[in-house]
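Worksheet: the structure to be examined is printed underneath.
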Amino acid sequence: MNPMEDKLRWLEKAGDADQEAPQELHGLLAEFETPEALLEACTKVRDAGYKKWDALTPFPVHGIDEAMGIRMTILPWLSLGAGLTGLMIAFALQIFTNGIDYKFLISGKPFISVPANIPVAFELTVLLAAFTTFFGMMILNFLPELFHPLFRAKRFPRMTADRFGIYIESKDPLFNRQQAELMFSRLGASALEPVLSPTKRAPLPGVIHGVGLTLTLVALIPVALAVKSRFSKSDQPRIHIIQDMDFQEKYKTQTAHPLLYQGAASMQPVAGTIRRGDLREDGHLYRGMAGDEFARGFPMALTQEMLVRGKQRFSIYCAVCHGATGYGDGLVAQRAEALAEGTWVPPLSLHEAVVLDQAEGQIFNTITHGIRTMKPYGSQIDVQDRWAIVAYVRALQRSQRATLTDVPPDVRAQLSQ
Amino acid sequence: MATITAGAATLDNTGDDPRVRAPLIVGNNDYTTITDRVCAVVEDPKVRKAWLIAFLTAVSLTGMLFALVGYLIVTGVGVWGNQIPVAWGWPIVNFVFWVGIGHAGTLISAILYLFRQNWRTSINRFAEAMTIFAVVCAGLFPGIHVGRAWLAYWLFPIPNQMLMWPQFRSPLLWDVFAVGTYASVSTVFWYMGMIPDLATIRDRAKHPVRRFVYGLLAVGWRGSARHWHRYERAYLLMAALATPLVLSVHTIVSFDFAVSQLPGWHTTIFPPYFVAGAIFSGFAMVVTLAIPARAYFGMKDIITMRHLENMNKIILATGMMVGYAYAMEFFIAWYGGNEFEQFAFINRATGPYAWAYWIMVSCNVISPQLFWFKKLRTSIPVMFVLAIFVNIGMWFERFVITISTLNRDFLPSSWGYFRPTLVDICMLIGSFGLFFTLFLLFLRFLPMIAMAEVKSILPRPAAHPGNDHSSSSHTSPSHSELH
């Protein structure tokens, strides 16, 4: 006995509202001491032709299904169906999400990768089959069934512990109390108990309806909120409960720092150094511009190596159209002339006045961005190499317009030979 | 509280004579005594002092764990020792450790059920409970390891405003499904097994509140044979489903490692090796818990020495499988001729974590060898100490796999040495607190032994003394198997 029990007598009093109601016979309960006696009795009850009856046992008694004539349940088929459904849902989910709706390339794996989908498919198969097995068992057994007239029977509690029972409902067409009692006592029942149930169940106390209604309404609030936000628009950003990503504890540019030089969080570069990317601020070098005009001259000193490099790059990128000497007679140009295609715009000779007069910056700009049918080469040739090509173009131009005075005096003699 | 009246001689059922079927339950137990003894623990009006002390200790450790989880969420995962190159530190070690422990319960309830190992009935209930509580501990760690724990729901395929879906080709997502399925199916399996016993407690309850609560939990079960028929079919189906499930879960946990391209992780032996290790550690935990529980609650004739001996045999067998896997990893590293893999394993046994490696080998491979001797495997002190050794060894196995592999990167400039922080250590201790809190509550409020199942394997009494039919009744336990 629990010491608390005396204090809670009011609960006991509030207990059974049906106690005073008029009762009618619901069935007859017979008690047996052993599983063997029960099995024997079950066989007889079955053979007597009863339909609405049941055996009550504290554990599954081997052989009772045959003794009572219980047919195989359909539960395994439900489980099989649920398992196959889980399998298909899993494959459909994975194929739709990763193969169709949100394609995301990872490690070169195919978007629809059956081997990679097997673990989740297996787990969902088991999940659905197991839950269906459990809930299917409950539903087929009409459980939960929190009240049954048997729960009022005095003999019933021991039937979930150490006694065995047979219960014949009065609804059974063959039911006759005297006959049934006689049959059970012949079968060796250790006790018999008629089980009563009220003709009309007492209504639930009003407070339970109130509590139930309140709980139902409260439970609907989150659902209502979810539905509301689903069908309404908001220009507010999403609520971040933990804001450490929105407001990070770090020093940003233009903020103060108590320990650093001059109290600034951003440190100054060391004298004589430049940051990566700073060279891009040099318009002449990077864009060939001096203010709004094309720059004249080179942004670096010209060297022999630069001209050699420029010649090599020119041969790779430019000579195919412009020709090795820059007259616009490269192999591509010759072939295009031979085909006589109407759309062909011949490459300009680099020795035309219009090119000769261009600033070095403009030639650089043309290489970078292209012109007419010439494609931009900025992404293929780096800045230094583009300037090297410009230098080589200048050298080519000069070579075609040279006078004798341009030739060094000590080699002039060779020319006349 | 029931006490054991039977003498020591009748309690011994460890005989190996094949002509004598060893009884599964000893002492003079029948349906009534089994019910009384198991229910007495739940119905005891007094709170026993030893239980209370253990419970308060466990609850305070749980409090510490959740305080630390709060600290971690507010501060960030930097409170752990996880640091490149060891990005998977103790949280993952603890996760794999607890998931592994959570394997014995379902193994005992499902696989032994399918194999008709009737001795499982005495231990399956609390092994299943242990499984669920271990999976609770396991689930905690990856949940907080994701960093921004409040976004952990991104792991599930829920339509969202980012128009993104999880990446189903990743073993980490497989893990979510495997552990989630395992936790929910094990819980349902455990609860379903408990329904008839909850009905027994309901029908014995005197107090209206008790009757209401247990009545609600027992969902109106009344032991109807027609219900039992569907129930047993459902139980068999659940066992058949849980058997591949339990094998799949640790296989998928091992994929977290094996599917990566890291030498020391990328091996095909991982799935069977992890499953054997999980069963090994799970049984060791069952033995660790069963020894004090059966002594404290006077269940020595229901959880008999033969049960413990059987579990010790399984520990010996799985311990040797684990030992074989350790050896085979080295063999394949040599035979495969991959110098990075060879380095990974030589580093494991001789590198900075050699101490952990050799703790693992001595606890997991060498110490279970004592179970070859019957005298040792039926000695309570020996098996208790050994089971704890195995638990320690299996934690170190996960430590060695996770940390000794990560601490040596391909580039020596990226090498590091993992050091746990105080938070790491307290969280591991706290997870034991959580586990024991749940377990102690279970022992006190739920039937720790599956009464209905134990009754079904008891020898059946004769129908009526002196009755003609008694000669045809079955009295040998071999005829009263579960179906």
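Comparing A:Leu260, A:Leu56, A:Leu39 in a Gaussian network model of chain A (Cα springs below 10 Å), the most mobile by mean-square fluctuation is A:Leu260.
Looking at chain B, the accessible area is 39 square angstrom per residue; that uses a 1.4 Å probe and ignores ligands, DNA and RNA.
Between the helical axis of B:305-336 and the longest alpha-carbon principal axis of chain B there is an angle of about 20 degrees.
For region B:150-180, applying the loop criterion from DSSP together with a ceiling of 15 other beta carbons within 10 Å to the chymotrypsin sites (Phe, Trp or Tyr not before Pro) yields no site. Pairing chains B and A buries close to 7200 square angstrom of accessible surface in total, based on protein heavy atoms and a 1.4 angstrom probe. Dipole check for chain B: with +1 at the C-beta of Lys and Arg, -1 at the C-beta of Asp and Glu, and the Cα centre as origin, the magnitude is about 1120 Debye. Taking only the alpha carbons of region A:21-198, we obtain Rg and Dmax values of 25.0, 81 Å in that order. Split chain A at each of the GluC sites (Glu not before Pro) in a DSSP loop with at most 10 other beta carbon atoms within 10 Å, and the longest piece is A:21-248.
What fraction of the Cα pairs in the protein assembly as shown, stated in percent, has a spacing above 42 angstrom? Taking all Cα-Cα pairs of the protein assembly as shown, the fraction more than 42 Å apart is 54 percent. For region B:126-157, heavy-atom accessible area (probe 1.4 Å) falls by no less than 50 Å² from the chain alone to the full protein assembly at B:Trp150. Straight-line cross-link partners of A:Lys109 among the aspartates and glutamates, defined as a Cα under 20 Å from its Cα and at least 8 positions apart when in the same chain: A:Asp101, B:Asp175, B:Asp256. Centre-to-centre, using Cα atoms only, region A:163-188 and region B:197-239 are separated by 24 Å. Binning the C-alpha pair distances of chain B at 20 Å intervals from 0 yields a P(r) profile of 22, 53, 22, 3, 0 %, listed from the shortest bin outward. Is the shape of region B:265-326 best called rounded, prolate or oblate, per the rule: a/c under 1.5 gives rounded, else a/b larger than b/c gives prolate, else oblate, with a ≥ b ≥ c the square roots of the Cα gyration tensor eigenvalues? Verdict is prolate for region B:265-326. The dipole here belongs to region A:278-403: it is taken about the Cα centre, uses +1 on the Cβ of Lys and Arg and -1 on the Cβ of Asp and Glu, and is about 300 debye. A cut-off of 5 Å between modelled amide H atoms, ignoring neighbours fewer than 5 places along the same chain, links A:Leu196 with A:His26. Taking every C-alpha pair closer than 8 Å and separated by at least 6 residues, the mean separation divided by the residue count of chain A gives a relative contact order of 17 percent. Beyond 30 Å in Cα-Cα separation lie the following of the pairs B:Lys49/B:Lys374; A:Lys103/A:Lys250; B:Lys46/B:Lys300; B:Lys49/B:Lys375: B:Lys49/B:Lys374; A:Lys103/A:Lys250; B:Lys49/B:Lys375. Straight-line cross-link partners of A:Lys52 among the aspartates and glutamates, defined as a Cα under 20 Å from its Cα and at least 8 positions apart when in the same chain: A:Glu24, A:Glu31, A:Glu40, A:Asp65, A:Glu66, A:Glu145, A:Glu169, A:Asp172, A:Glu181, A:Glu193. Considering only the other residues whose Cβ falls under 12 Å of the Cβ of A:Ala391, what net charge follows from Lys and Arg at +1 and Asp and Glu at -1? Local charge sum for A:Ala391: +3. When +1 charges are put on Lys and Arg Cβ atoms and -1 charges on Asp and Glu Cβ atoms, the dipole computed for region A:21-198 relative to its Cα centre reaches about 280 debye.
Considering only trypsin sites (Lys or Arg not before Pro) in DSSP loops that have at most 10 other Cβ atoms within 10 Å, the longest stretch of chain B without any of them is B:117-483. For region A:161-288, the percent of C-alpha pairs falling in each 5 Å distance bin, counted from 0 to the bin holding the largest distance, reads 2, 6, 7, 6, 6, 5, 5, 6, 5, 5, 5, 5, 5, 4, 4, 3, 3, 3, 4, 4, 4, 2, 2, 0.
Its residue count N fixes a reference of 2.2 N^0.38 Å for region A:278-403, and the Cα radius of gyration divided by that reference is 1.06.
Accessible surface for chain A, divided over its residues, is 64 Å² per residue with a 1.4 Å probe. Counting only protein heavy atoms and using a 1.4 Å probe, what share of the accessible area of chain A belongs to carbon plus sulfur, as a whole percent? Within chain A, the accessible surface is 61 percent carbon and sulfur. Over all orientations, region B:383-428 has a Cα convex hull whose mean projected area works out to 4.1 square nanometres. In 5 Å bins starting at zero, report the fraction of Cα pairs in region A:287-343 per bin as a rounded %. P(r) over region A:287-343, rounded to whole percents: 5, 16, 15, 14, 18, 14, 10, 7, 2. Taking a straight line from the alpha carbon of A:Lys252, these aspartates and glutamates sit under 16 Å away, with near neighbours fewer than eight places off in the same chain left out: A:Asp244. Every helix of 4 or more DSSP H residues in the protein assembly as shown counts as -39500 (n - 2.57), and over all residues that averages to -17000 deg cm²/dmol at 222 nm.
The values are calculated or read from the model by the stated rules, or taken from the named source; none is laboratory data. Note that the coordinates shown come from a computational prediction; the quantities given were computed from them, not determined experimentally. All Cβ positions, even for glycine, are placed from backbone atoms using ideal geometry, and neighbour counts span all protein chains on display. Please note that ligands, DNA and RNA were not included when accessible areas were found on the heavy atoms of the full protein model with its side chains. Shrake-Rupley method; radii C 1.70, N 1.55, O 1.52, S 1.80 Å.
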